[in-house]
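Structure record follows, encoded as C-alpha cells.
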Amino acid sequence: MNTKIMDKIRKVEPYVPGEQPQNKVIKLNTNENPYPPAPGVKRALRETDADRLRLYPDPSADKLVSALAEYYGVGKDQIFAGVGSDDVLAMCFLTFFHSPKPVLFPDITYSFYKVWAELYRIPYECPKLDQAFRIVKEDYYRENGGVIFPNPNAPTAVYEELDFVEDILAHNPDVVVIVDEAYVDFAGKSALELIDRYENLIVVQTFSKSRSMAGMRIGYAVSNPALIQYLNDVKYSFNSYTMNQISVACGAEAVKDREYFEKTVKTIVETREWAKGELKKLGFCFTDSKTNFIFAKHPEYDAGELFSYLKKKDIYVRHWDSERIRQYLRITIGTREEMEQLFFALRAYLHNAR
Ligand SMILES: *Cc1c(COP(=O)(O)O)cnc(C)c1O
C-alpha cells in the first residue's frame, strides 16, 4: 500500500471478543446467561409486524427508556439507551473524556476501555490492582481527565461496596466517573442510588448478562438529565437510529418482568456458590466472585494447557495470555448441568495429570 495513503489512515488495535463457536458446545466463555429471556420477550418477537420494518425506529427508543425509567424511579431524561453497553460506553468515552489529562482505569479490567481510549486518542493511565486484585481507591485521588471502572470488576469478579465507590466519586468532583455495572445484579447495591448526590456519576448497565439478551444488544446509562443530554447530543451527531424496533419492544418487555429476572439471577448466584465449593475441592484458588463468572487458577496446573484441554472437550472458557492473569481462567456460570460437565472434565484432567 502507498505509504502516503497509509499515513492518512487511523490505525487501531481492535478489541478481541471471546469466541462465538456456532456449533453446540458448553459455552462458558463470554458470560452469557444460560437461561432464556423473559416470556414477554418471546411474545413481543412473535407479535413483531415485519411490514413496519420499512419505517425508521423511534430514535429516542421511548418505550424502552420509559420502562427503564419506571423500573428505577427516575425521569426519562435520566436514561440513555444504546446497542449494548459497548455502544453506550463508546459514546461515554467520546462525550465525557475530553481532556489532556489522563483518564484512569485499572490495569486489569474490561479490555475495551483501552481500545476506546486509543481509538479516540484519549490519554489514559492504568493504576495497578493490588495483590488480591482489588482496586486501590487512593490511586484515583489525583488529577485526571475522568475515571471508569466496572463494579464488580471484570475479569476479576471482585465487587466493592458503595461507600468505596462513593469515596472515588467524592474525590473526583471535577471529572465524570463512569461505573460500569455489567454484573451488579449478581452482586449487591448499584451506584444508581448515588446519582442524585453526585453530579459527576454515570452508571452503565446491560441486558446481556442478567437479562439473558446478549444477542439483542441493549445497554443503557443512568445519570442526571444534564449529562444524559450531552450524551444524546453526541449520539445524534453520530447515528440517530441506534436502537432497532425489535430491540426496543423486546427490551421493554424484559424490564417489565421483574419476577422472572429475579428468579434467574437467584438461580445463577446459587449455582455460583455451589461451583465455588466444587472448585475448592479440586484445589483451585479464586477471588470471591460476585458476578456470573469465577476467575480461578490452579496452583499446580498451567491455565493455558487447561484451557486447551477443555476446548478439546467442547467446553469453552476464557483465558488471556497477558501479564498478571496468565494463570487464570474465567469461567462463566452456566446451568447446574453444564457446570457438572465442566467439573467432570476437570476431575479427569487433574486425575490423569497426577
Ligand atoms: C459484557 C460487558 C460489557 C458489554 O456488554 P454489552 O453486551 O455490550 O452490553 C461491558 N462492560 C463489561 C465489564 C462487561 O463485562
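Observations on the model:
- All of GLY251, GLY304 fail the test of being of a type in the set (Gly, Ala, Ser), more than 26 Å from LEU53 (Cα to Cα) and in contact with a Lys or Arg (Cβ under 9 Å, 6 or more places away or on another chain), apart from GLY304.
- Residue match in the range 79-89 (condition: surrounded by fewer than 22 Cβ atoms within 10 Å (Cβ to Cβ), more than 13 Å from ALA221 (Cα to Cα) and outside the structural domain of GLY334 (by TED's automatic domain parsing)): no
- Any hit, the range 207-224, residues being out of contact with any His (no Cβ under 7 Å at 6 or more places or on another chain), more than 12 Å from the ligand (Cβ to nearest atom) and outside any loop (DSSP other than H, G, I, E, B): yes
- When THR48 is tested against (1) within 16 Å of the ligand (Cβ to nearest atom); (2) at pLDDT below 95, only condition (1) is not met.
- Among the residues of the range 1-46, the ones that are in contact (Cβ under 8 Å) with a residue 12 or more places away in the chain and not in a loop (DSSP other than H, G, I, E, B) come to 8 in all.
- The criterion of at least 2 residues that are surrounded by fewer than 18 Cβ atoms within 10 Å (Cβ to Cβ) and not assigned by TED's automatic domain parsing to the domain that holds ARG52 is met, among helices (runs of 4 or more DSSP H) falling completely within the range 242-354, by 258-281, 303-312, 336-353.
- Filtering the range 264-309 to residues that are in contact (Cβ under 8 Å) with a residue 12 or more places away in the chain and of a type in the set (D, E, K, R) leaves ARG272, LYS276, GLU278, ASP288, LYS290, LYS297, GLU300, ASP302.
The values are calculated or read from the model by the stated rules, or taken from the named source; none is laboratory data. Just so we're clear, the structure is a prediction, and the values are computed from it rather than from any experiment. Note that each Cβ is placed from the backbone with ideal geometry, even for glycine, and that neighbours are counted across all protein chains shown.
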